[in-house]
Protein chains: 2
Amino acid sequence: MNNKIKVGIVGYGNLGRGVVSAIKQNEDIALEAVFTRREGLEIEGIKTVNIAKIADYKDIIDVMILCGGSATDLPEQGPMILEMFNTVDSFDTHANIPDYFSEMDSIGKTSGKLGLISVGWDPGLFSIMRLMGETILPEGKDYTFWGKGVSQGHSDAIRRIEGVKNAIQYTVPKEEALEKVRNGGNPELAVREKHSRLCYVVLEEGASKEKIEKEIKEMPNYFSDYDTEVNFISEEELKENHVGMPHGGFVIRTGLTGVGNREKIEFSLNLDSNPEFTSSVLVAYARGVYKMAKEGKTGAITVFDMPLGYLSNKSPEQLRKELL
Amino acid sequence: MNNKIKVGIVGYGNLGRGVVSAIKQNEDIALEAVFTRREGLEIEGIKTVNIAKIADYKDIIDVMILCGGSATDLPEQGPMILEMFNTVDSFDTHANIPDYFSEMDSIGKTSGKLGLISVGWDPGLFSIMRLMGETILPEGKDYTFWGKGVSQGHSDAIRRIEGVKNAIQYTVPKEEALEKVRNGGNPELAVREKHSRLCYVVLEEGASKEKIEKEIKEMPNYFSDYDTEVNFISEEELKENHVGMPHGGFVIRTGLTGVGNREKIEFSLNLDSNPEFTSSVLVAYARGVYKMAKEGKTGAITVFDMPLGYLSNKSPEQLRKELL
């Protein structure tokens, strides 16, 4: 334990549970404690600590993995925790990333700690692919498709409709659009052409299928711009077939080199568990933060700033020999 | 021109020509000269210089892109040129990478220059994917498939057979094996199961098809371990349909998270021109070498050591805003 990287988890939802699992797969990393606002949370074999006492761990924990949400948790916890610890988070409100980065950067530079923000698969691995794509094939275009996967926001929007007891919504990339993109030629694709929306809805007794289907399909922002399929199922069926959190997606860059040669770079993820995969990315990057912080780096960074070798427990010699 | 990164090209084969094209797509990079051993080489609009005079450009060129072969050119030119310039090369003799790295590292540290070795798509982008795969999904396995693409080594091996006038060989990944890998379960795949070999052969007059087909199929190391298909065609057909240099391949990592959730990361390239794409990678990384060298980094590095943001001409702010 003494030579291991000591990690803390802040927040114990799906992501926090995923981090617990991911740490078990990395023998050089040890989980010190889970920090939570919840009173009386007990997790077998793991120390839980009220977040109010987080400062007590200042000299014990090397990196805090922040597993709260981007809407309210991270904007508050990120800056507060970076005052005392190196951090990794998955802040994913794209429009607010520049502001969040600035704040974290200035705090980290003052506190002497390092905060890696917006890691996961998008933002994160997909961002890396977009960067590779446009730097290697400048005369080209990239496309991101998401899914097939559960969208919590869209599922929640359906659940708020009167007469709906429960619902789950899958975002589905359209195979036809994927093929168009893969064939090059940089097609312009409308929102409706890229993704469709697949809904499974459990009705309250006596609710009208027709009315609710219409209400879903016409919901602005969420559904009206998409081809939407609505299926009504029983609560049992929902519990049996739709409790997983699969997700994934594609980043495809097509471009030209020389006198018209077509080149294609495609990256895709196919995930049984979106939160567990995201957690696995967080843990690999926590190792990198530990190393960069040890070298004296402070402030905020993103996936664009860390050499990929830092993700690994292997020595540079070993990486060159085994993976290059 | 004055604010541009000034680049030189050493060697003017397929790769060197590709670098000329790639530089044209990057407005912050300017080609200063092509260095060659060939007497009297003229290239429209480009200065050509005998390699013996390379030292004259010591204070002019920021990064030299080495476009020679790994067998004899790079082991000699890499160390010689790194004495005077920052370098990028695509050294791809896997077994000799550790030694080549050591030599380049010690020379660069003495000369105060930076040499990025073994860049391209494999080694290079594929190496990055293997690293991502094993660090993010430690309980998993990765598979690399190459093709469909031309293998020069195998084409040459066929051409050396008596009675063969010309030949081209494609390495083809087996769709069945790809599917097995994508479905998870980490299959053990024999050499023969992963790739097949597709040959187009032009015979000398009077040569025996049967004899040559047998000789190809039984050739040790090159063909005997593979399912090999041999097609006899005319010289005209070869010139018409088989002059391109397509290539590509796949790196697939499958792994488990949590209590048995299956996750898959897949990266693939589909290239009309193998040398032009490789050149595009070299040019993007030449920009990164320029930046890291400016910050004082010396010695040898690989793709594992460079933060990906260095590949881009955009500012870190712009990258965070646009690509994250």
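To the nearest 20 debye, what charge dipole does chain B have about its Cα centre, counting +1 at the Cβ of each Lys and Arg and -1 at the Cβ of each Asp and Glu?
On the way: 38 positive and 49 negative charges, 182 e Å.
With Lys and Arg at +1 and Asp and Glu at -1, about 880 debye.
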task = Could you point to the residue in A:185, A:127, A:140 farthest towards the positive end of segment A:111-187's charge dipole, with +1 and -1 charges on the Cβ of Lys/Arg and Asp/Glu respectively?
result = A:127
message = As an exercise, use a Förster radius of 45 Å and the Cβ-Cβ distance of residue A:204 and residue B:192 to find the FRET efficiency, rounded to the nearest 0.05.
response = 0.15
task = Taking the Cβ of residue B:227 as the centre, find all other residues whose Cβ is under 12 Å away and add up their charges (Lys, Arg: +1; Asp, Glu: -1).
result = +1
task = Give, as a single signed number, the net charge of other residues whose beta carbon lies under 9 Å from the beta carbon of residue A:293, with Lys and Arg counted +1 and Asp and Glu -1.
result = +2
request  = Quantify how strongly other chains surround peptide B:119-129 by giving the mean number of their Cβ atoms within 10 Å of each of its Cβ atoms.
outcome  = 3
remark   = Inter-part gap, Cα centre of segment B:94-132 to Cα centre of segment A:93-121, in whole angstrom, is 31
note = Everything considered on the Cα gyration tensor (a ≥ b ≥ c; rounded for a/c under 1.5, else prolate if a/b is larger than b/c, else oblate), chain A must be described as oblate
key: Extension reserve of the residue A:4-residue A:55 stretch, reckoned as 0.36 nm per residue once the Cα distance is removed   = 16.3 nm
remark   = CD proxy, 222 nm, the protein assembly as shown: helix-only mean residue ellipticity via -39,500 (n - 2.57) per DSSP H run with n ≥ 4, per residue, nearest 500, stands at -10500 deg cm²/dmol
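I'd like to check one number: the per residue accessible area of segment A:56-113, probe 1.4 Å, reported in Å² as a whole number.
Values: 2480 Å² over 58 residues.
In whole numbers, segment A:56-113 has 43 Å² accessible per residue.
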request  = List the residues of segment B:227-273 whose accessible area drops by at least 30 Å² when all protein chains are present, compared with their chain alone, using a 1.4 Å probe and counting only protein heavy atoms.
outcome  = B:257, B:258, B:261, B:262, B:263, B:264, B:265, B:266, B:267, B:268, B:270, B:272
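Work out the FRET efficiency for residue B:71 and residue B:46 from their Cβ-Cβ distance, taking R0 = 25 Å, and round it to the nearest 0.05. The partial results should precede the final answer.
Values: r = 26 Å, r/R0 = 1.05.
The value I calculate is 0.45.
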key: Straight-distance crosslink candidates among lysines, where the alpha carbon sits under 27 Å from residue B:6 and sequence neighbours closer than 8 are dropped   = A:141, B:24, B:47, B:53, B:58, B:109, B:113, B:291, B:294, B:297, B:314
task = State to the nearest 20 debye the size of the charge dipole of the protein assembly as shown about its Cα centre, where the only charges are +1 on K and R beta carbons and -1 on D and E beta carbons.
result = 1100
query = If you take the accessible area of A alone, add that of B alone, and subtract the area of the pair, what total do you get in Å², probe 1.4 Å, to the nearest 100?
reply = 5600
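Can you give the charge dipole size of segment B:125-272 about its Cα centre, rounded to the nearest 20 debye, using +1 on the beta carbon of Lys and Arg and -1 on the beta carbon of Asp and Glu?
Working: 20 positive and 26 negative charges, 96 e Å.
For this selection, approximately 460 debye.
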inquiry  = Keeping all protein chains in place and using 1.4 angstrom, which order do A:205, B:175 fall into by accessible surface area, from largest down?
reply    = A:205, B:175
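Provide the net charge surrounding residue A:5, with neighbours chosen by a C-beta distance below 11 Å and charges set as Lys +1, Arg +1, Asp -1, Glu -1. Walk me through the intermediate numbers first.
Numbers: positive: A:4, A:6, A:287, A:291, A:294; negative: A:27, A:28, A:32, A:62.
Net charge in that neighbourhood comes out at +1.
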query = How big is the gap, in Å, between the Cα center of segment B:74-92 and the Cα center of segment A:187-225?
reply = 59
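On average, how much accessible surface per residue is there in segment A:182-324, in Å², for a 1.4 Å probe, leaving out ligands, DNA and RNA? All intermediate terms of the calculation are to be shown ahead of the outcome.
Values: 6450 Å² over 143 residues.
Result: 45 Å² of accessible area for each residue.
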task = Please figure out what share of the DSSP beta bridges in chain A is antiparallel and state it in percent, rounded to the nearest 5.
result = 50
message = Give me the percent of accessible area attributable to carbon and sulfur for the protein assembly as shown, probe 1.4 angstrom.
response = 45
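The values are calculated or read from the model by the stated rules, or taken from the named source; none is laboratory data. Please read all numbers here as calculations on a predicted model, not as lab measurements. Don't worry about glycine lacking a Cβ; one is built from the backbone with ideal geometry, like all the others, and counts go over all protein chains shown. Only protein heavy atoms, including side chains, enter the accessible area calculation; ligands, DNA and RNA are left aside. Shrake-Rupley method; radii C 1.70, N 1.55, O 1.52, S 1.80 Å.
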